[in-house]
Every structure is written in structure tokens, then in C-alpha cells.
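The values are calculated or read from the model by the stated rules, or taken from the named source; none is laboratory data. This one's a predicted model, so the numbers in the text were calculated from it and none came from an experiment. Cβ atoms come from the backbone with ideal geometry, glycine included; neighbour counts cover every protein chain shown. Note: accessible area is taken over every heavy atom of the protein model, side chains too, but ligands, DNA and RNA are not part of it. Shrake-Rupley method; radii C 1.70, N 1.55, O 1.52, S 1.80 Å.
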Amino acid sequence: LKPFRRRDRRSKPGPSSPAVGDSRAPPARPSPSHPRESPSSSMATVPTHAITKNVPLSEVNRHCTPSDCWFAIENKVYNLTEFVDRHPGGPTTVLKHAGKDVTKMFLEIHKGIKYEQYLRPEAYIGDLGLDPDLMTDEFWHTLRKARIVEVKQQIEKLQEEMKKNPPHTGGAAGASSVADLLADQAVDAELKAKLQTLETQKRVALDAEDYPKAQAIKAKLDELLAESKVTIAAPQGVSGGIPLSEVARHNKPHDLWVALNGVVYDLTDFLQYHPEQRNSILAWGGRDASPMWNKIPGRFPSTTWMEFYMRPEARMGEVGPEPKKDTNTALLEELRAELRRLEGPSDEDVQAMKAAGAAPKAAEGGAGSEEARFPKLKGITGGRELPFFTRAEVAKHTAGAEPYMILHNRVYDLKPLLGSHPGGDDILLARAGTDATKEFELFEH
């Protein structure tokens, strides 16, 4: 055995020594060139991702509610809460599979479709799975709970500091969303209960795709906040314009803003009366759609579309610069966001969601017969004698002038549906020439 030798303190850090930024590393001694940091500056350097970049499937399973919806696909984890209401097939299908690894199902249904183009960069959370040699699921959740306690302490300490030294440069230290208000212990319990009720009612309306009702409920929520003299901090542009951070808050079918060529438009009412354009507009809800300008002539967003559809009252104002944020204000927002991500939905919400998914559906019509489930089928033939097709004949109609599809042993010509299918043409054409009954049932069409 080699004799043990003490490492020279002047030597470079080795694998066993604490790395820069490691919580085990002793604090550096203050010096004239490196003075000791003040509490506020040291708080600003606290990392907000203190567990791992990899996420266990058990954590994904927890985030299965409409207000906190995660998915795993191809070994990557995404937060699709923002995407739920702009899913081309509607929110119901997304919520049915919330909190699961949907890789197999997605590749079967959406073969060849690049899902990344429909998601926003911030939706990506991390890679799926832990290295069992380094960490178990149980230990990961132990670290998660410990981090929750730590973040709450940091938020409390930061709020106390900000009371003593209020920020002077732009921004606001108040709640930036209803979720922040519900998590704020200083907010009145009765007000919280009313806000939670309205938020739940709005979510139910959105799940049913009843956007006018959701819009009316949002108006009630705004009235309640005004009556209670509680404000949600909304950033204001320095020159009076509307910053994109404010536009980003309005990205739902019942509250939809879009920035286009330096101008912000409210397209909420337009979407109610033109549901056929729902997907193309919702894809850019809460964002700057200028990069897509005139990419598809005649469709949103283009010169022809603006001239034909846009009304003057939809114009909100010009895009303004982002307001400056105090360091502590920005850190408080990051900590609140991390706390929401770590805590996830309550156990009660998760159990309610699982119970709703497991509840048997009420029988419809005559014991689930095709005629009872699809009463319009009789009218489709229009009294005509329809020909019979073999599956081999249908398989020849995969594209071109006559793309066919089999549903419930009936053959349909997809051409009249192209350009107006809520899920887009790619999904239809990918299944042209095949029997898509299984997928049709899966998505509860």
C-alpha cells in the first residue's frame, strides 16, 4: 500500500475537493479587491436548479392537472400547461394523458411530425430518468422537499429585505399571476377561496372549449380583484408601449394578444367568430408573430389577411421596451416559479384528476351502437347507393386528388376536409389509405 500523503494546500483542487460554487466550499475571505457580499447580492447568486437536470418519471406523474401539465416524450420532459389550450385537437386529449410518457402513442398517431415546432423553448424541463448508480427516486424526492423548504425561506427573507429597501427601478414586487396570489400567505383566505373557485370554473369552460364563457369568467375575476384592491403586477413599457413580457401573459383562447410588426393586437373576439383559424393564430398567442409575416400568402399573418380581417379596434398599441427590473425583483420571480415547479399540484388535485380519468363513462344511446353514437351517419349517404371498397383499393389512395380513410368500416374521401381539419392536414394525410378507427376512438372524436 502506498503511504498516505497530505495534499499540499497550495495544489489545485482535485476530484475530491469542492468545486467552485459547491455548497461545501468554505467562504472566501474578504479582501479590498473582493469585499464580502451584502445579503442581497449573495441571494442573487443562489442557483435555482439545485437538484438535477434529469427528472424521474415519478415526478412527471405528479404534474397531471390542467394547471400543471407535464409530459415525457422521447426521453425528454416538457411542461405543456401553456400548450393545452392551443393543442390542434383540443385540450381533452392532452389532459387525458397528462403526467405520462406518451412516446409510443405519439409516434403511432403523429408519425413524422416534429413536435418541437409546436412547443416553445421554455416548455423543455430536462431529460427523463435518473442514473440508478447515482440517485434513487426516493432520494430525488427527498432533495426536492428539502429544496422546497429552502426556497420558501429564501422567498421570506427576500420579501423582508425588499420591505426595508423597496426597489426603485421599474418592475413590481407584487404577485405576477393569480397562482402567486393563491400561494401568498398574506392574501385573505376568503379572497383566495373566491379566486380559486373562479379559476376552476374558467378551467372547466376551457376544457369544454366554451371560450365565450371563459372570457366572461375572466372578467368576473378581474372585477373581484378590483373590488378587493388587489393588483397583479403588470410590466409597463418605459415609453408607454406594451412590452412583450406583458403580451406573453395573454396567450389563451379567451384572452389572446399577438405582436406583429411592432404593434400589439387583441384577437380574442376574432377567434370567437373565426374558429377555423384557431390553430394558426393560437400558435402565436402571446408572442411576436413577425417572423412569419407573408410566409403563407392569404393566411395569418400576411398583408392580405390583415386587409381582409383586421379591425381597427383590435389594435392595442405599439410594442415597447422591456422595463428594467431590480435584481431582487427578478430573483423573487425566479424563486416563485421554482417553488411552483417543485411543489406541483396538491395531492388532492392529483387524486381528483386520476379519479376522473378512471371513472367509467355513462352509456350512450342503444348500448353503444354505431348508429346511436354517430346519429349523423344516416344523413351522410344522402340516399345514394354507395360502392364497396376493399382495403387494398383504399390503400392506393394515400395522397393526390383522392386521399381515402377508413373509419368504422366506412370509406371517406378526405379532400373536402383538407384545409379545415382542426388538427391540420399533416395528421390526415399521414393516415390516408389506412384504417384510422383506433386513432379516431383514442382521441374521442
Seminar exercise, completed: Along the stretch 193-200, Karplus-curve 3J(HN,Hα) (6.51, -1.76, 1.60; θ = phi - 60°) to the nearest Hz, with x for Gly and Pro, reads 5, 5, 5, 5, 5, 5, 5, 5
Exercise. Taking H as built 1.01 Å from N, whose amide H comes closer than 5 Å to the amide H of F83, not counting residues under 5 places away?
Worked result: none
Seminar exercise, completed: For T65, other-chain or 5+-apart residues with amide H closer than 5 Å (H placed, Pro excluded) are W70
Exercise. With every protein chain kept in the model, how would you rank M306, M292 by accessible area, 1.4 Å probe, largest at the top?
Worked result: M292, M306
Problem set entry | Table column - 3J(HN,Hα) (Hz), the stretch 76-85, Karplus curve with 6.51, -1.76, 1.60, x for Gly and Pro | 10, 10, 10, 9, 9, 4, 5, 7, 3, 7
Exercise. About the Cα centre of the stretch 252-363, what is the dipole size in debye to 20, counting +1 per Lys and Arg Cβ and -1 per Asp and Glu Cβ, all else neutral?
Worked result: 400 debye
Exercise. Given K96/K213; K152/K252; K76/K104; K192/K218; K76/K114; K252/K325, which pairs have Cα atoms separated by over 18 Å?
Worked result: K96/K213; K152/K252; K252/K325
For this session: Sort largest first and round to whole Å: the equivalent ellipsoid semi-axes of the stretch 244-355, each the square root of five times a Cα gyration tensor eigenvalue.
Result: 32, 21, 11
For this session: Just subtract the alpha-carbon distance of N409 and S228 from 0.36 nm times their residue separation and send over the number in nm, one decimal.
Result: 59.3 nm
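So how do 131-140, 60-69, 271-280 stack up, highest first, on mean other-Cβ count within 10 Å?
Ranked from most to least packed, the peptides come out as 60-69, 271-280, 131-140.
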Problem set entry | Pair E190, K438: separation of 7 Å Cα→Cβ label points (nm) | 5.7 nm
Problem set entry | For the stretch 254-266, 3J(HN,Hα) per residue [Karplus equation, 6.51 cos²θ - 1.76 cosθ + 1.60, θ = phi - 60°, Hz, x = Gly/Pro] | 8, 7, 10, 10, 9, 9, 8, 6, x, 10, 9, 10, 9
Seminar exercise, completed: Amide H neighbours of G126 at under 5 Å, excluding residues fewer than 5 places away on the same chain, with H built from the backbone geometry, are V77
